[in-house]
Amino acid sequence: MHAGRCPHCTTATAHTRLVFGEGNPDAELVFVGEAPGETEDQLGRPFVGRAGEKLDGMIAAMGFERADVYIANVLKSRPPDNRTPLAHEIDRCGPYLLAQLAIIRPKVILTLGGPATKLLLASELGITRLRGAFATVRLGVAEGAPFEVPVMPTFHPAYLLRNYTVETRAQVWEDLKKVLAALGRDAPARKAN
């Protein structure tokens, strides 16, 4: 349905293929980023470039494997020159992400960066103000079986690669531990890095 009807993706021209998402369709944890990058566009998979390697490390640090979780983006097609998604693109493609999340029905959603956080929380605040604090979102209203899910905003893995400091690493690890607690899981012991 998305591939044939999305008002953004059916008219976008900067991409090679759609990157819908991947992972466990029954995942209790979903990661949501902003849009596919160049590598993702070439391979048709979300988070497979350098930021994907960082996300894989975050997933492993939480005690999961990539196949245990679900990974998606707000936009399913790559923006020109890998730029940040524009508000009108999010407005047009975002409802398909919300429908996707309503089908998966995760226990927790972890948003990666500003665009995903702003869409799900319907907020204009930046990620530095929103990260680290749970908000509850109501999903599935259009399907007639609404449910509430906690959303934890954190920094995008690409931001971590650009700003790899002790402080940013500690902030993200605290966010990930909060997600684990919400899932009723203990945080695995961290290795020094």
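Quick note: the coordinates plus some simple rules give every number you see, no bench work behind them. Only a predicted model underlies this, so the values are computations on that prediction, with no experimental measurement involved. So basically every Cβ, Gly included, is an ideal-geometry build from the backbone, and we count neighbours across all protein chains shown.
Pairs of Cα atoms under 8 Å, at least six residues apart: use those to get the relative contact order of the chain, whole percent.
That works out to 23 percent.
Residue by residue through the stretch 152-165, what is 3J(HN,Hα) from phi via Karplus (6.51 cos²θ - 1.76 cosθ + 1.60, θ = phi - 60°)? Round to whole Hz and write x for glycine and proline.
Working through the residues one at a time gives 10, x, 8, 5, 5, x, 5, 5, 4, 5, 7, 10, 7, 10 Hz.
How far is it, in nm, from the label point at Ala187 to the one at Arg129 when both lie 7 Å from their Cα along the line to the Cβ?
If labels sit at Ala187 and Arg129, their model points lie 2.6 nm apart.
For all pairs of alpha-carbon atoms in the stretch 23-79, what percent lies in each bin of width 5 Å, listed from the first bin to the last filled one?
Once binned at 5 Å, the Cα pair distances of the stretch 23-79 give 4, 21, 30, 26, 14, 4, 0.
Using the crude model of +1 on Lys and Arg Cβ and -1 on Asp and Glu Cβ, and no other charge, please compute the dipole size for the stretch 44-158 relative to its Cα centre, in debye to 20.
120 debye
Mind checking which aspartates and glutamates have their Cα closer than 13 Å to the Cα of Lys177? Skip sequence neighbours fewer than 8 apart in that chain.
Answer for Lys177, where 13 Å is the Cα cut-off: Asp186, listed by chain and number.
Given H placed 1.01 Å from N in the peptide plane, which residues other than close sequence neighbours of Asn73 have an amide H under 5 Å from its amide H?
Hits under the 5 Å cutoff: Gly33.
Tell me which aspartates and glutamates have Cα within less than 20 Å of Lys118's Cα, excluding those fewer than 8 residues away on the same chain?
Glu34, Glu89, Asp91, Glu148, Asp175
Taking N as the number of residues in the chain, what is its Cα Rg relative to 2.2 N^0.38 Å?
For the chain, the normalised Cα radius of gyration comes out at 0.96.
Would you mind ranking Lys107, Lys76 so that the residue whose beta carbon has the fewest other beta carbons within 10 Å leads the list?
Lowest to highest Cβ neighbour count: Lys107, Lys76.
Going by how many other Cβ atoms sit within 10 Å of their own, how do Val149, Val141 line up, fewest first?
In increasing order of surrounding Cβ atoms, one gets Val141, Val149.
Among the complete DSSP H segments of the chain, which ones combine at least 18 Å of alpha-carbon extent along their axis with a mean Kyte-Doolittle hydropathy of 0.5 or more?
Going by DSSP H runs, the hits are 87-104.
Please arrange Glu167, Glu53, Glu22, Glu40 by counting, for each residue, the other beta carbons lying within 10 Å of its beta carbon, fewest first.
Result, fewest neighbours first: Glu167, Glu53, Glu22, Glu40.
What residue among Met58, Thr165, Pro115 has its Cα farthest toward the positive end of the dipole of the chain, where the charges are +1 on Lys, Arg and -1 on Asp, Glu, each on the Cβ?
Thr165
Go through the chain and flag any cysteine with no other cysteine's C-beta closer than 4.7 Å, please.
For the chain, the answer is Cys93, because their Cβ atoms have no other cysteine Cβ under 4.7 Å.
Radius of gyration and Dmax for the stretch 59-143's Cα atoms, expressed in Å?
Radius of gyration, then largest Cα-Cα span, for the stretch 59-143: 13.5, 37 Å.
What does the extension gain come out to for Ala99 and Leu161, with contour length at 0.36 nm per residue minus their alpha carbon separation?
Between Ala99 and Leu161, full extension yields 19.3 nm more.
Measure of size requested: the Rg and Dmax of the stretch 111-193, with Cα atoms as the atom set and Å as the unit; please supply both.
14.3, 47
Where the centre of each part is set by its Cα atoms, how far does the stretch 100-179 sit from the stretch 27-60, in angstrom?
15 Å
What residues from the stretch 79-108 fall in the zone where the backbone N is under 14 Å from a label point 7 Å along the Cα-to-C-beta line of Phe147?
Under 14 Å, as judged by backbone N against the label point of Phe147, lie 99-108 of the stretch 79-108.
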